[in-house]
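The values are calculated or read from the model by the stated rules, or taken from the named source; none is laboratory data. The model shown is predicted, which means the values in this text are computed figures rather than measured ones. Ideal geometry is used to build each Cβ from the backbone, glycine not excepted, and the neighbour counts take in all protein chains shown. Please note that ligands, DNA and RNA were not included when accessible areas were found on the heavy atoms of the full protein model with its side chains. Shrake-Rupley method; radii C 1.70, N 1.55, O 1.52, S 1.80 Å.
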Amino acid sequence: MKKVGIVLYPTFGGSGVVATELGKALARMGHMVHFITYKLPVKLDQFLPNVHFHEVRVSDYPLFEYQPYEFVLASKMVDVAKFEQLDLLHVHYAIPHASSAYLAKQILEAEGIHLPVITTLHGTDITLVGKDSSFEPVITFAINQSDAVTAVSQSLKEDTYSHFNITKDIDVIPNFICPDDYVDCDPQLRSQFAKNGEKILIHVSNFRKVKRVEDVVRVFSRVKEKIPSVLLLVGDGPERHRIEEICRANKNCHEIHFIGKTKDTEHLMAVADLFLLTSEFESFGLAALESMASKVPVISTNKGGIPEVMIDGVTGYMCNVGDIDDMTEKALRILSDPVLRENLRISSYKRALDFELSKVLPKYLDLYNRVLEQ
Ligand code: GMT
């Protein structure tokens, strides 16, 4: 039995979901898991044996214009590591978790306690935030000082080496799904959205610019000219208001449902005929994998790690970023051909099973053992 600290973002992002599900799986195996972050993680919504949550509380001292979260986090890591006698600390997302972990490790070292640190890179920590040169020295240092580093795709591994001066080996451990979490289509729920038998397109994201949600709306607008359809937009974020304004201006709000944030994306995905992932870039594209696990084919872009998850013509189709014509043509092809759609549904699910938890978890456990033997 190992005692593992997991540091993560508790919000609706893929990195938080993966970190939480990993911790839950470790706890089910009998390991003692300690989640450390500033809010209860979205997917940690019920009591589970062997799971503990340690909230990082930043005091609101008026002198600080910016609250020193990194230091409070490092102090919490030290506290939990000492009193729960952690064997290792696994941090998800480099900024600021890897640098706070380095600080915690040094503090513990000074007290004669050795705490190995594993950093998992998820994507935007490297590709967007990480490329901001003001972060660069800290990220490079923190990654190089980690006892082990993983990336969620080969593409992200290569990006990390090309953007930063990394001397450490990076293991690629892909994201995963828990097949039991996915459900079949609920006809009643489906008919709530598709009252007259329309086709259902869906997009799930945090509505950041990188997701190009406007492309989703543009593809949908062209699809519905040919095939009666509705669009479910699930999630929330900086771009949502602008997208809502576009839909209002186009007067198609009655066909586009803004669902907002929900913990239960599985039931919504299961009612859809097609998932659209129009991102400028994805280090992995967990949303595409989740859709495939729901037996819903995907039209995605072909950037970053997406081609490591999607198989063109098998799980849906991949298109160039911003190629609305191609995305529309492929969407119409899928929506108008029930035999093709059924084949894609079956093969998407089959492909998703390549990433099931039972195949990915041993890779993390091997890494934990390796780090503990060092
Ligand atoms: O971009 C997001 O949706 C959030 C971000 C995160 O850290 O939660 O997602 C990144 O990590 C996910 C989990 O590993 C990947 O599936 C996403 O592809 C990646 N996002 C980007 O690269 C834009």
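For the range 179-355, the relative contact order comes to 24 percent (Cα pairs under 8 Å, sequence separation of at least 6).
Averaged over residues, the count of other Cβ atoms within 10 Å places the peptides 231-237, 91-97, 62-68, 364-370 in the sequence 91-97, 231-237, 364-370, 62-68, highest first.
Note down the net charge around I243, summing +1 for each Lys or Arg and -1 for each Asp or Glu among other residues with Cβ under 12 Å from its Cβ. Could you put the intermediate results ahead of the total?
Details: positive: R208, K209, K211, R212, R218, R240, R242, R248; negative: E214, D215, D236, E239, E244, E245.
Value of the local net charge: +2.
Given springs between every Cα pair under 10 Å in a Gaussian network model of the chain, which of F176, F193, F135 has the largest fluctuation? In this elastic network of the chain, the residue with the biggest mean-square fluctuation among F176, F193, F135 is F135. Among P179, P187, P297, the largest mean-square fluctuation in a Gaussian network model of the chain (Cα springs under 10 Å) belongs to P187. Got a sec to turn the phi values of the range 356-369 into Karplus ³J(HN,Hα) couplings, 6.51 cos²θ - 1.76 cosθ + 1.60 with θ = phi - 60°, whole Hz, x for Gly and Pro? Per residue, the Karplus-derived 3J(HN,Hα) values read 6, 3, 5, 8, 9, 3, x, 5, 5, 5, 4, 5, 4, 4 Hz. Each residue of the range 234-251 was assigned a 3J(HN,Hα) from its phi angle through the Karplus expression (A = 6.51, B = -1.76, C = 1.60, θ = phi - 60°), giving 10, x, 8, x, x, 8, 4, 4, 4, 5, 5, 5, 4, 5, 5, 5, 7, 6 Hz with x at Gly and Pro. Note on the range 146-221 and the range 350-374: Cα centroid distance 20 Å, given to the nearest whole angstrom. Packing-based ranking of 13-21, 254-262 yields 13-21, 254-262, ordered from highest to lowest mean Cβ neighbour count within 10 Å. Residues in the range 270-277 carry Karplus couplings, in order, of 5, 8, 8, 9, 7, 10, 10, 10 Hz; the curve used is 6.51 cos²θ - 1.76 cosθ + 1.60 with θ = phi - 60°, and Gly or Pro positions show x. Helix 213-226 axis versus longest C-alpha principal axis of the chain: approximately 20°, rounded to the nearest ten. Structural descriptor for the chain: relative contact order 13 percent, calculated from alpha carbon pairs under 8 angstrom and at least 6 residues apart.
Across the options S291, G235, M318, the greatest Cα extent toward the positive end of the charge dipole of the range 208-357 (unit charges at beta carbon of Lys, Arg, Asp, Glu) belongs to G235.
Rolling a 1.4 Å probe over the heavy atoms of the protein chains gives the chain an accessible area of 43 Å² per residue.
Spatially, the range 31-77 and the range 259-314 are offset by 30 Å when compared through their Cα centroids.
Here, P(r) means the percent of Cα pairs in each 20 Å bin from 0 to the largest distance; for the chain it is 29, 54, 17, 0. Expressed as a whole percent, the accessible area of the chain that falls on carbon and sulfur atoms is 51 (1.4 Å probe).
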